[in-house]
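Right, one structure below, let's go through it.
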Amino acid sequence: MFCKLCEDIASVRERDPAARSFLEVFLLYPGLRAVRMHRRASWCFRHNLKMLARWISQRAVRKTGIEIHPGAAIGRRLFIDHGTGVVIGETTEIGDDVTIYQGVTLGGTGKDSGKRHPTIGNGVLIGAGAKLLGPFKVGDNSKIAAGALVLQEIPPNCTAVGVPARIVKRDGQRVEPFDQTDIPDPVAQEICQLQRRLHCLERECPWASQEAHEGGGGI
């Protein structure tokens with residue numbers, strides 16, 4: 001247990017430039033506290049102490065603002081940065097070295113039974129406010145951009161952005177950590193393509209554009 005704690009703290013210091021010391025991370029990081037409390041809740045849940053497990057998990061919510069169901073399976077070195085508003089459902093599975101930012105939901109669609117929450121591979125980064133809903137898998141080393149809505153499987157080594165999320169990068173190799181603001185917007189790209197197409201049509205049929213403006217859109 002102590003080795004896991006040291007490992008968790010080392011991973012936080014490695015991934016968060018604001019982490020100044022071992023003691024600061026241990027005492028003041030809500031993500032670390034939530035993971036530690038989840039381990040206790042998970043042990044109780046697996047040993048059929050489900051009421052106690054839920055009590056521990058709800059106590060963690062009050063203390064950290066992070067809700068992790070005791071039935072969720074979490075790997076090693078999970079880093080929940082800031083963490084407020086993070087929700088992780090009962091059948092969620094999270095691999096090793098995953099980074100989750102605030103406001104993330106790993107939930108279900110309300111239509112499934114049994115396995116109804118996402119499976120997150122190793123080395124995945126999930127940006128602030130992203131929502132992953134359903135029993136699909138996010139492959140190893142993939143990146144989910146802030147605010148994305150993911151409803152289907154994401155292959156390994158991919159970057160997904162948008163609502164609903166679309167894959168905008170796939171290179172077959174591990175991608176380096178990236179600035180979440182430096183990503184393409186697929187919706188804006190579609191709008192630009194439509195605008196270019198409209199301009200081309202107006203040049204080909206100028207009379208159509210003139211009639212549209214004169215009519216003013218009325219009936």
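Below, the figures for the structure above:
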item: Subset of the range 10-32 [charged (D, E, K, R) and either in a loop (DSSP other than H, G, I, E, B) or within 19 Å of Asp96 (Cα to Cα) (or both)]; result: Arg13, Glu14, Arg15, Asp16, Arg20
item: Exclusive hit being farther than 20 Å from Gln58 by Cβ and either buried (at least 19 other Cβ atoms within 10 Å of the Cβ) or outside the structural domain of Arg46 (by TED's automatic domain parsing) (or both), set Val86, Val104, Val124; result: Val124
item: Conditions (1) under 23 Å from Glu24 (Cα atoms); (2) touching a helix residue (DSSP H, G or I) at 6+ places or on another chain (Cβ under 9 Å); (3) not small (Gly, Ala, Ser); number of the one not met by Trp55; result: (1)
item: Selection count, the range 78-120, where residues are at pLDDT below 90 and not in a loop (DSSP other than H, G, I, E, B); result: 0
item: Complete set of residues in the range 53-112 that are of a type in the set (Asp, Glu) and farther than 14 Å from His38 by Cβ; result: Asp81, Asp96, Asp97, Asp112
item: Residues that are surrounded by fewer than 16 Cβ atoms within 10 Å (Cβ to Cβ) and within 21 Å of Leu5 (Cα to Cα), drawn from the range 41-60; result: Trp43, Arg46, Arg59
item: Condition check for Asp140: in a loop (DSSP other than H, G, I, E, B), more than 15 Å from the chain's Cα centre (by Cα) and either at pLDDT 90 or above or surrounded by fewer than 11 Cβ atoms within 10 Å (Cβ to Cβ) (or both); result: no
item: Matching residues, the range 143-164, being in contact with a Gly (Cβ under 9 Å, 6 or more places away or on another chain), in a strand (DSSP E or B) and either farther than 18 Å from Val86 by Cα or not assigned by TED's automatic domain parsing to the domain that holds Arg77 (or both); result: Ile154, Cys158, Val161
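The values are calculated or read from the model by the stated rules, or taken from the named source; none is laboratory data. Only a predicted model underlies this, so the values are computations on that prediction, with no experimental measurement involved. When we count neighbours, we look across all protein chains shown, and the Cβ atoms used for this are built from the backbone with ideal geometry, even at glycine.
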